[in-house]
């Protein structure tokens, strides 16, 4: 049932005047008549006796009014409560992360968010590296922490929480492992992972560009269906993988992380469905921006880069 019909009926039952009802509700008088007629059809009878001199409730109208008033008041109270909750950061916020985006920055963000919003509780959940957005779109998560390379019309890109230097993961016995750094041009001489759908195309291009800066194609030849499969291919020397520093699963004795000198840092941050935006998401985003401002420009310089650690651990 249209709540506008109920509202018109209850106001008219008080005013007993079509003109005053229209004025009170700030709608045209013909709309009052149309809404009342629609409600009378639903009720199956006449609700008002109307003459040229007065309007009064019929017995059916009196009964309906007495029953509708408490129900309508309760409905309005429920809607008011929902609106209040929609503008307050209270309740549970579900935050997704992938195995490669679970960093100390996420832990710091969650701790600061809960401290600033005592009515909220953050629940973390893992998502697939190769399919990061489906849980967001299905409403299973409120927000995702992932690399901010997004070209999806239904997703909002939020604030950055961290930036990671670019490194090339190579097998410890690979000739590139002995170099102090590599260039994006070096990728054209090697095979890299072929990420299969539903891996997001914009994210794919940001992590593994299709071409080098000079235009040489980068050979995406090895199909990969999971992050652990990718790590195994790197360790066995079948592919090299341009990635971000700070990914624990790549810090291994059989893998060396070589800095890529000419690729910009990869930003890590918040992503959410535009249609699912709410006060909790905005409070989390505000916390992220505040932490970023507090950290200042030196934060990126302080970010731990496992490349040097991995190289130091590698045998001479």
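A short reminder: the numbers here are calculations on the coordinates, not readings from a lab. Note that the structure is predicted; figures quoted are calculated from it, not measured. Quick reminder, even Gly has a Cβ in these numbers, built from the backbone with ideal geometry, and neighbours come from all protein chains shown.
In the list [x] 77, 46, 34; [y] 52, 49, 34; [z] 103, 39, 29, the label attached to Cα extents along the principal axes in Å as derived from the coordinates here is [z]. Relative to the longest principal Cα axis of the chain, at what angle does helix 29-43 sit, 0 to 90 degrees, rounded to 10? The angle comes out near 90 degrees.
At 7 Å along the Cα-to-beta-carbon direction for both residue 54 and residue 194, put a label point, then send me their distance in nm to one decimal. In this crude label model, residue 54 to residue 194 measures out at 8.6 nm.
Please work out the Cα center distance from the range 1-76 to the range 229-246, rounded to the nearest Å. Here the two parts' Cα centres lie 70 Å apart. For the chain, the relative contact order is 21 percent, taking Cα pairs closer than 8 Å that sit 6 or more residues apart in sequence and dividing their mean separation by the residue count. Peptides 144-150, 226-232, 214-220 ranked from most to least packed by the mean count of surrounding Cβ atoms within 10 Å: 144-150, 226-232, 214-220. Normalising the average separation of contacting C-alpha pairs (under 8 angstrom, six or more residues apart) by the number of residues puts the relative contact order of the range 3-86 at 26 percent. Whole-percent P(r), the range 172-265, all Cα pairs, 5 Å bins from 0: 2, 13, 25, 28, 23, 8, 1, 0. One quarter of the convex hull surface built on the alpha carbon atoms of the range 121-173 amounts to 5.7 nm², the projected area averaged over directions. Counting DSSP beta bridges in the chain, what percent are antiparallel, to the nearest 5? Antiparallel: roughly 60 percent of the beta bridges in the chain. Multiplying the residue separation of residue 140 and residue 261 by 0.36 nm and subtracting their alpha-carbon distance yields 39.7 nm. Computed from the Cβ-Cβ distance with R0 of 51 Å, the FRET efficiency linking residue 126 to residue 24 stands at 0.40. I want to make sure I understand the PRE zone here: with the label point 7 angstrom from the Cα of residue 75 toward its beta carbon, which residues in the range 5-26 have backbone N atoms less than 14 Å away? Within reach of a label on residue 75, which here means backbone N under 14 Å from a point 7 Å along Cα→Cβ, the range 5-26 contributes 5-11. Using all pairs of distinct alpha-carbon atoms, the Kirkwood hydrodynamic radius of the range 111-218 works out to 17.0 angstrom. Extents of the range 3-86, largest first, come to 47, 26, 19 Å (Cα atoms, principal axes, whole angstrom). Were the residues from residue 82 through residue 216 laid out at 0.36 nm apart, the gain over their Cα-Cα distance would be 42.7 nm.
Helix content alone sets the calculated 222 nm mean residue ellipticity of the chain: runs of n ≥ 4 DSSP H residues at -39500 (n - 2.57) each, divided across all residues, give -12500 deg cm²/dmol.
For the range 33-173, the alpha carbon convex hull comes to 203 Å³ per residue, rounded to a whole number.
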